[in-house]
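These notes concern the structure reproduced below.
The values are calculated or read from the model by the stated rules, or taken from the named source; none is laboratory data. Predicted model only: the values in this text are computed from it and were never measured. Cβ placement follows ideal geometry from the backbone for every residue including glycine, while neighbour counts extend to all protein chains displayed.
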Amino acid sequence: MKPILFKDKYGNSYMYSFSRKKLCYLNRVVFELVNLYLSGYNFDSIFEKMNSKYSLSELNKAKKQLLFFENNSFLTDTNTHELSLITSDYIKQNISNVNVITFEVTQKCNLKCYYCTYGELYNNTENNHIRNLSFSKARGLIDYMFNNYNSKNNLSISRFLTIGFYGGEPLLNFRFIKKMVEYLNKIKINNVKIEYTMTTNALLLDKHLDFLVNNNFMLMISLDGDYNSSLYRVSKKGNKIYNKILLNIKKTKTKVSRIFQKQSCF
């Protein structure tokens, strides 16, 4: 299959290469040149069509980019494979063998990072980052999944199920996490061991540490680097938060060292 050329609603131009499985941003000159090249035009014909719109320097730069794509197999017409009909049994079997479920606990965040896609630097109209996931909706999913785990369709050798909590900042909806963990701990499924993971910015970690440790949470704490590297991560009021996060990590390490020795990553 040939590469696909397209533009987004903001007018930005892209090419998706099936052979390289890469999405490439193209400037307007390269976009037009590649489009003509893929349509069968040679370089002489392309330059003749485009020389009234762009300078020779722009066209030569675009040609170099196209030759890079050509020489590195970005423009290769790959063979396509037809998919067979997906049956309901196939879907049930795959659902029954899922070993990771991740809940977007909340779309709320207690930071105001300058580079965030929902920040002031971006014209993102998807202003949905204020919602919490309801326990009743998530419980319906768990009940459905667990019924499948207990069925004959579960062929998995692994007897581990990972439940992840993600955000936003998941600890802003700690009530959901607590209810879900308590619910899951009561459910039994064919000797399957449940493991809990959470990605957090650690600002609220000290407030909920006992619960997380008692339920053997695997924690991933997000840090941009050292103090200077984290200057773009600020609180809602614009205050720097690196030292506060570091202090929370140190407090937690002092209080319960085993969670950091075995169950934390950065």
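Here are a few things to note about the model shown:
- Residue check, Phe31 in a helix (DSSP H, G or I) and within 17 Å of Phe74 (Cβ to Cβ): yes
- Where a residue in segment 22-37 is without any contact (Cβ under 8 Å) to a residue 12 or more places away in the chain and its partner, wherever it lies, is polar (S, T, N, Q), with Cβ under 9 Å and at least six apart: Leu23/Ser17
- Test: residue in segment 75-91 that is over 21 Å from Tyr166 (Cα atoms) and modelled with pLDDT of 90 or more: yes
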